[in-house]
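Let me begin by presenting the structure, written as structure tokens, before commenting on it.
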Amino acid sequence: ISFRSQLAYLNSQLLKRQAVNDQKELLEKQHLYAANQQRMQSTQWIKLAHISVRIPQHADGNYERQAKSWIDSVYLALQRGADFDQLMKKIHASTRKDLQVSAEVMPWLPVDLHLNEWKSQLSTLQRQRFSTPFYSPKGIHIMKWIGQQSTAPYEDVADELTFRLEKK
């Protein structure tokens, strides 16, 4: 038996094992996902986007006024027809030294995991609409409700499932 034929045989065996391992991992992830369905269905899952300015706990009045003025200007732009997603991109790309601003689309999360101030906004907010600016312990925010469903999509929790499998 030549070296090349042995190498080809070993490579094919290795590829078969890898394919089997990949299939096992997929089946385990699907099993974990199915096992978590009941837990996930105990609450509604929502997807939100937000534009926020963080207000540190010991910020002075001037900082808070500046933060309020900034978020009000963002809200005014939205009221005048600015696109929420485009504003998020612009804010995300900007680098402000005077304020701690952020803009992001959050992952699917159970409603229960959100701050009470965020949950209270959902009671009056319509999907694909943005809120008025509101305070929370973390700062001042404008949020957009993107979607709601009874469980998190498999694609969105697949990475978490992989992480949990690796911890076993």
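What to note about this one:
- Between the helical axis of 154-167 and the longest alpha-carbon principal axis of the chain there is an angle of about 60 degrees.
- Under the criterion of Cα pairs below 8 Å and six or more residues apart, the relative contact order for the chain equals 35 percent.
- Calculated accessible area for the chain comes out at 68 Å² per residue, all protein chains present (probe 1.4 Å; ligands, DNA, RNA ignored).
- Degrees, to the nearest 10: 3-40 long Cα axis against longest axis of the chain: 40 degrees
- Spherically averaged projected area in nm², based on the convex hull that wraps the Cα atoms of the range 42-122: 6.3 nm²
- Surface share of carbon and sulfur [accessible, 1.4 angstrom probe, percent] for the range 129-168: 51 percent
- Against the rule of thumb 2.2 N^0.38 Å, how large the Cα Rg of the range 13-151 comes out: 1.39
- By the Stokes-Einstein formula, at 1.567 mPa s and 4 °C, the range 71-162 with its Kirkwood radius over alpha-carbon pairs has D equal to 87 µm²/s.
- Protection proxy ranking of 115-126, 44-55, 89-100 - average other beta-carbon atoms within 10 Å, highest first: 44-55, 115-126, 89-100
- Taking LEU76, LEU15, LEU27 as the candidate residues, the one with maximal mean-square fluctuation in a Gaussian network model of the chain, Cα springs under 10 Å, is LEU15.
- A dipole drawn for the range 41-163 from +1 and -1 charges on Cβ atoms has a positive end, and of TRP70, ILE140, THR124 the residue lying farthest that way is TRP70.
- Filter on LYS47/LYS167; LYS68/LYS144; LYS29/LYS119 - keep pairs with C-alpha separation over 21 Å: LYS47/LYS167; LYS29/LYS119
- Estimated purely from DSSP H runs of n ≥ 4, each contributing -39500 (n - 2.57), the mean residue ellipticity at 222 nm for the chain is -17500 deg cm²/dmol once divided by its residues.
The values are calculated or read from the model by the stated rules, or taken from the named source; none is laboratory data. As the structure is a computational prediction, the values presented were derived from the model and not from experiment. A quick note on method: Cβ atoms are made from the backbone with ideal geometry, for glycine too, and the neighbour counts reach across all protein chains shown. For the accessible areas, the whole protein counts, side chains as well, though only heavy atoms, and no ligand, DNA or RNA atoms are used. Shrake-Rupley method; radii C 1.70, N 1.55, O 1.52, S 1.80 Å.
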